[in-house]
Amino acid sequence: MTYALGPEVPLGPFEGAAVTVWSAQGRQARLHAKRSCSYLRTARVTQREVGLDASVVGRLCPSCGAYGSWARPGTGLSIFLGAVTGLGLLYELDRYVKADEDTCSDEEVAHAASVLCRPPSGSGDGLAAEDSAEAAEDEAFEALQEARHVRKIVFAEWGGALASLNRVHQVLELFPWLRPWAEPRVQRKIDYLERLRAQAARLVLRESLVGAAAVSLQQTPALPAGDPVFAPLGTAPQQAEQLTSLWRRWRGRVADSWDPPREQHYLVHHLVSGMSSRRKGREQLLERAQILLAEWEQAARSAAPGDQGERVLVARVPDTVRPAGKARESFPDRLSEWEQGVLASYMITTAGSPPAQPAVTVRVPEPVATRLLSQQSVLSYAEQRPEPSPAAVAVRSQADDSGLGPGVFDDTPVSHRRLLTAEHLRALRSTVRDAEQLYVVLGLETGVEVVALSMLEQRCAAGWQGILLAGASDLPGALIEPRQQAVSEEAAEGSSVWASPVYDPRDPAFGRSLSMAEGERVLVRLCEGRRDVGHALRSLALARSVPDLRDLGDGGYDDRGVARSPFAPAVWNGLLAMEQLDLEPFEPAADSDGRGSGLPLGMLARVQAYTTDAAGRYQGRAHSPGCAHRRAQPGVDRHDEMVTVEELLGNKGFDPCSKCGGYAVRRLTAAQVAYYRAAHQLHDCAQRVRATVWHRSAGDGSATVTALEEFDDLDARTAQACFPDHSQARQWRRAVDRLRRELQGSSAE
Ligand SMILES: [Zn+2]
Ligand SMILES: [Zn+2]
């Protein structure tokens, strides 16, 4: 069964959206979403752009209608089609609508309930013979196992139905124009879910759930360590330790279970594990421990307030618009038995007050409410507010009017863009796999910026107002393809990924390894053979305009606990050169210690350096982002420090790791590399001049004079580009003049 887009599905604002279709000749030929569709078996294919409407949808090939990618990924239309077709809304509307052969009948459930909710039987009342008592016990155990199995099936079915209905609500929240059309089918789902919920609720005792909540809220009680009956456990401190462990284990099991607390009585056997069954005092110890559990349960019950008021809580369901897939369970599977029991027993509605929202509302007694509000869960609970604030209503109705139509993402001219909302981003995140990437956004107050999706989400949540201009994936191929091709050709010639170091400043390749161009080359080489090389280059292009690269490393974690990154790890090598600048030419001039040439840092002063510790404030050496001694995550984030090369030069405390050099530099522009090379050439000249003077041999003096003349040629324009102010330009000229004088002096002698 495939769930293709049918002509009856309202397209809302996507009605008329331009899509490209392929078809064979003939008026009635089926339309296909891609040229490569296997149902398109003719060589004579025409390609057309048409407006998407019911007549076009009616002519769709079933395969393309169910899975075809009609729109560019990440656009509104693509998100809409992904959420509706395939394993989306149409599929969900068809699931969990009526009982099938695997569903438990009400009779089965009633029987199971009578077994599960039976009051505890007083063991051994002395009337029955021992044998028949044992047989009855076996029988009871079997009946219990069977009843538990029924409970498992019923809860699984109910959980599936609940998750499915919430997914429907989530899709409808994004595309509200689908609501009237979907309404009758949603109602069928709601009715069936209610039937399953009623079944599930019969299989757990509310009293047990309240008891478990009370237990979970208890602190460790006074423990009877030192009681002679616990002597087999060892010394008094050992007894205390064992009893504390029993308490923790018991409280944990009771708290997460839908069974009555008494069902956890077997836990006392942990106390005697490793103890011989013939050990004197063992039985008494177990008996005493059983009593202890009963006391704990009693204490928890009496600690709970007698008059148990009720509270209404709303649980926000995690976004599950995207199909669950094999690896991802639906949210009820990730809840404890206790929480599942609570939802089934106390649920008022599966949706917030109108409009239907993906939320679950429960009315629960006090200790259950306290527990739900304080525990860790995939659902986030909050007290239902009596009246939503007018502002919230306004925001909500605004979102409802619009939903996610065209114009939010890059699918209309910029002049038609709509303001981005947190809702839109949630839709993007929940429908597009690996949605994290860089976006160019424009805000009235913030101007044009490049930010990662996770940061954009934070911004929108904090009330930022702006539009999205383009995502990295929207950038045209023309921008990156020539570069990609050139590097690939070079790679075919067999050169290595990392260029070999160049030490002679007269070599044209000197300093090239620090350059942005080298960053592009390294990136393409590192991504060789991978499909996302183009995306990596697009990301690099965008990331270059981010003022502080640490902002790119703070994407947080996804729901599986994996760190989010807006691009492939290799992009960091495109942004940063994992090496250091040789700053010798810029150190104080020869007169002091004979090392530097006292040249101005010029345009290199503002170059960024990233390190774990720029000023020796923390324990251990400073590391570069590329160093193995640093944490494993690639790139930089807020744990790193960013300083300028000028600041770093002045930091006496900077204590670099000898392996990595302590920092990485943000890659240099071509002009910065040129200046870096010029400074090194001048410094090199100076050293040769000094050697000439020192040895009083004018051997290569003439070559040096020629070189110096080149440096003298700094015209006004170049000087302006290289140096932020006149004084630095003068400083440079003085260095050249001094060298010339030294050289002339030496040849005059
Ligand atoms: Zn097709
Ligand atoms: Zn290091």
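The values are calculated or read from the model by the stated rules, or taken from the named source; none is laboratory data. This structure is a prediction, so every number in the text was calculated from the model and none was measured. Glycine also receives a Cβ, built like all others from the backbone with ideal geometry; neighbour counts cover every protein chain displayed. Note: accessible area is taken over every heavy atom of the protein model, side chains too, but ligands, DNA and RNA are not part of it. Shrake-Rupley method; radii C 1.70, N 1.55, O 1.52, S 1.80 Å.
Relative to the dominant Cα principal axis of the chain, helix 726-748 is inclined by about 40°. Rounded to the nearest 10 square angstrom, E481 shows an accessible area of 100 square angstrom against a 1.4 Å probe.
Taking the C-alpha atoms only, the angle from helix 106-116 to the longest principal axis of the chain is near 90 degrees. A straight Cα-to-Cα reach below 20 Å connects K659 with the aspartates and glutamates E579, D582, E584, D613, D640, E641, residues fewer than 8 places away in its own chain not being considered. Relative contact order for the chain: 9 percent, from Cα pairs under 8 Å spaced at least 6 residues apart, divided by residue count. Tell me whether the chain comes out rounded, prolate or oblate; compute the Cα gyration tensor, take square roots of the eigenvalues as a ≥ b ≥ c, and use a/c under 1.5 as the rounded threshold. Cα axes put the chain in the oblate bin. A prolate overall shape is assigned to the stretch 75-195, the ratio a/c of its alpha-carbon gyration tensor axes (a ≥ b ≥ c) being 1.5 or greater and a/b exceeding b/c.
Only DSSP H runs of four or more residues enter the estimate; each adds -39500 (n - 2.57), and after division by the residues of the chain the mean residue ellipticity at 222 nm equals -14000 deg cm²/dmol.
Between helix 477-492 and the chain there is an angle of about 70 degrees, using the helix long axis and the longest principal axis of the Cα atoms.
Candidate cross-link partners of K152 among the lysines, defined by an alpha-carbon separation under 25 Å and a same-chain spacing of 8 or more, comprise K98, K189, K326. Rolling a 1.4 Å probe over the protein chains gives E142 an accessible area of about 120 Å².
When each of the peptides 563-571, 229-237 is scored by the mean number of other C-beta atoms lying within 10 Å of its residues, the order from highest to lowest reads 563-571, 229-237. Per-residue accessible area (protein heavy atoms, 1.4 Å probe) orders K189, K659 as K659, K189, starting from the largest. Under 5 Å from the amide H of T644 lie the amide H atoms of A609, each residue being 5 or more positions distant or on a separate chain, with H modelled from the backbone and absent for Pro and chain starts.
Rolling a 1.4 Å probe over the heavy atoms of the protein chains gives the chain an accessible area of 51 Å² per residue. Largest to smallest in accessible area, the residues E295, E241 fall in the order E241, E295 (1.4 Å probe, all protein chains included).
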